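Asker: Below is one structure. I have some questions about it.
The values are calculated or read from the model by the stated rules, or taken from the named source; none is laboratory data. Note that the structure is a prediction, hence the values are computed from the model and not measured. Here the Cβ positions follow ideal geometry from the backbone for every residue, glycine too, while neighbour counts run over all protein chains shown. Ligands, DNA and RNA are excluded from the accessible area calculation, which covers all protein heavy atoms including side chains. Shrake-Rupley method; radii C 1.70, N 1.55, O 1.52, S 1.80 Å.
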Amino acid sequence: MKTLDFKPKFFSAIKNYDRKTFVADLMAGLIVGIVALPLAIAFGIASGVSPEKGIITAIVAGLFISLFGGSKVQIGGPTGAFIVIVYGIIQQYGIQGLTVATLMAGVFLILLGVLRLGTIIKYIPYPIVVGFTSGIAVTIFTTQVKDLLGMQIDQVPSDFVEKWGAYIYNIGSIDWWSALVGIVSVFIIAITPRFSKKIPGSLVAIIVMTVAVLLLKQYAGVTSIETIGDRFSINSTLPGAVVPELSWETIKGLVGPAVTIAVLGAIESLLSATVADGVIGDHHNSNTELIGQGIANIASPLFGGIPATGAIARTMTNINNGGRTPVAGIVHAVVLLLIFLFLMPLAQYIPMACLAGVLVVVSYGMSGWRSFLAMMRNPKSDVTVLLLTFFLTIIFDLTIAIEFGLVCACLLFMRRMAETTEVRAVLDEIDLNEDADMERGNLEHLTIPEHVEVYEINGPYFFGAGNRFEDIVAPFGHKPKVRIIRMRKVPFIDSTGLHNLENMCLTSQKEGITVVLSGVNEKVDAVLRRNNFDALLGKENICNHIDLALARAREIVEA
């Protein structure tokens, strides 16, 4: 039995830790903590919870992801990808339901890591990832239109189409001061990188627009611009851990959302870790990363937080500012904790339109529209999966989109794998120049004896491949005495292939045809013998080489 693949990078990184590395990690952690602050607040509010819950998530989950994760530089916390699913869970099940779903997702993530499925998750088809990421981006943008423009809508519909209908119907209620704040915020975020790569544009926008709104209220009498304090009461006290009440009915009802959170968290965290590996020249441990993510998503809801995962933008900020060990992620969590304890009350003055502007820029970055357009030139099957996942995400919800996308991808994978296996008839003679399964000496061809048919399987012998014999058997116009099946290019055979091969052998025997297998490798031969094929065909009819199979065929024909 394989041992548990859980080797957190933190413990190996601190073995040879020095002052120079600590200074680099400290500076990176400070900057990432500042970068994470406006995003944590914005993601919390957009997800349907209070702003402090977003920061609590970044603190608790960020700490545990750095302590127990499988990447040296991963920065964890709330991300835009979770906004849609978290908001939907809260609307249907309430905060209590979100807590339970996040706890369950944490358990699922740990199980994925324990079962060593980290490497498999990284191979989820790219069209699915692009489809639901772009869909999430469109959905996030849609949810921010009301606050971005300061529209007066009492109850915004949850449905995508109905939401846009409400926006169009209430277009006349736009508050132009709020719209100006939102648009200027987007502009500031967009141009800040031209002047400074280290200072986040979102933080600059929040500071500038918060001061501007305060001045407008104080000296120009503009009171229509809504702030966080107008909608939420700010609490800067770190809550204690609370275990929610669990019931079997609640758990059953939340399995779907919990699986969605787990899959989405796994994909995003491993994608972020993989991108980081390419920059720092390291290799993360996928299974340890999933276990670390699971621990973080169990801890976060106990303190009132929401789901968390690895954040690509914050991870890259960490790398670009010198972070090279998990200590930088821990510093980032400590910085956020200090801000939460001592500066959180100031968040009440931040304009909602400014936060909406931050999320509009986030959604633009998530959209990956260039990748989306490039994929439209791909094979039709990939385009179909891309578009269906995209539209299911924005029209229905992310749970349905991911479930459908994964099922569709599995079906396409099975179809493509089946297409890689070729079953063909060999007529008259065998060309030994085509990598034959024998020592050919000076021979270039082997003649196929009369009353003998030769078929070749090229590729894995599993579902779909066996049935192809029905389409190609007996192309010679007469019933043979011997049917040779060349399996030199069959790397493995599964239960479906075994069943089909057995049926073909039994059918041939009923017709008086002897089946001889040729070029069977050791792995496939072991499977055949475990399933009594030596008894079904006779040991002498399972041959290592085609020349032995032809010699055996001649014996049968001449007998």
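Asker: Among the residues of region 363-381, are any open to solvent by less than 20 Å² (accessible area, probe 1.4 Å) and over 29 Å from MET209 (Cα atoms)?
Answerer: yes
So that you can scan it fast, the table gives a plain yes or no per residue for (1) more than 24 Å from the chain's Cα centre (by Cα); (2) assigned to a helix (DSSP H, G or I); (3) surrounded by fewer than 24 Cβ atoms within 10 Å (Cβ to Cβ); (4) not hydrophobic (A, V, I, L, M, F, W, C):
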residue: ILE295; (1), (2), (3), (4): no, yes, yes, no
residue: ILE339; (1), (2), (3), (4): yes, yes, yes, no
residue: PHE342; (1), (2), (3), (4): yes, yes, yes, no
residue: VAL360; (1), (2), (3), (4): no, yes, yes, no
residue: VAL383; (1), (2), (3), (4): no, yes, yes, no
residue: ALA401; (1), (2), (3), (4): no, yes, no, no
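Asker: May I pose another question? Looking at the structure I just gave you, is ALA418 of a type in the set (Gly, Ala, Ser), within 25 Å of the chain's Cα centre (by Cα) and modelled with pLDDT of 85 or more?
Answerer: Judged against the criteria, ALA418 is not a match.
Asker: Here are the criteria: (1) farther than 30 Å from SER134 by Cβ; (2) in contact with a helix residue (DSSP H, G or I) (Cβ under 6 Å, 6 or more places away or on another chain); (3) crowded, with 24+ Cβ neighbours inside 10 Å. Tell me which single one LEU67 does not satisfy.
Answerer: (3)
Asker: Then there is this: Please verify whether region 260-277 includes one or more residues that are more than 18 Å from the chain's Cα centre (by Cα), surrounded by fewer than 16 Cβ atoms within 10 Å (Cβ to Cβ) and among the β-branched types (Val, Ile, Thr).
Answerer: Checked region 260-277: no residue is more than 18 Å from the chain's Cα centre (by Cα), surrounded by fewer than 16 Cβ atoms within 10 Å (Cβ to Cβ) and among the β-branched types (Val, Ile, Thr).
Asker: I'm told GLY323 meets every condition in (1) outside any helix (DSSP H, G or I); (2) open to solvent by 10 Å² or more (accessible area, probe 1.4 Å); (3) of a type outside the set (D, E, K, R) except one. Can you identify the failing condition by its number?
Answerer: Evaluating GLY323 over (1) outside any helix (DSSP H, G or I); (2) open to solvent by 10 Å² or more (accessible area, probe 1.4 Å); (3) of a type outside the set (D, E, K, R) leaves (2) as the failure.
Asker: Does any residue of region 519-537 turn out to be surrounded by 14 or more Cβ atoms within 10 Å (Cβ to Cβ), closer than 22 Å to HIS451 by Cα and out of contact with any helix residue (DSSP H, G or I) (no Cβ under 8 Å at 6 or more places or on another chain)?
Answerer: no
Results for (1) under 25 Å from THR315 (Cβ atoms); (2) touching a residue at least 24 places away in the same chain (Cβ under 8 Å); (3) among the β-branched types (Val, Ile, Thr), shown as yes or no for each residue.
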| site | (1), (2), (3) |
| --- | --- |
| GLY69 | yes, yes, no |
| GLN74 | yes, yes, no |
| GLY80 | yes, yes, no |
| ILE85 | yes, yes, yes |
| GLN92 | no, no, no |
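Asker: Hey, can you tell me all the residues within region 4-61 that are among the hydroxyl-bearing types (Ser, Thr, Tyr) and either surrounded by 24 or more Cβ atoms within 10 Å (Cβ to Cβ) or not in a helix (DSSP H, G or I) (or both)?
Answerer: Across region 4-61, the qualifying residues are TYR17, SER47, SER50, THR57.
Asker: Just checking: which of the helices (runs of 4 or more DSSP H) contained wholly in region 105-203 hold 3 or more residues that are of a type in the set (A, V, I, L, M, F, W, C) and either open to solvent by 70 Å² or more (accessible area, probe 1.4 Å) or modelled with pLDDT of 90 or more (or both)?
Answerer: 126-149, 160-169, 176-195
Asker: Would you check which residues across region 390-401 are over 18 Å from MET375 (Cβ atoms) and either out of contact with any Phe, Trp or Tyr (no Cβ under 8 Å at 6 or more places or on another chain) or modelled with pLDDT under 75 (or both) and list them?
Answerer: Matches in region 390-401: PHE396, ASP397, LEU398, THR399, ILE400.
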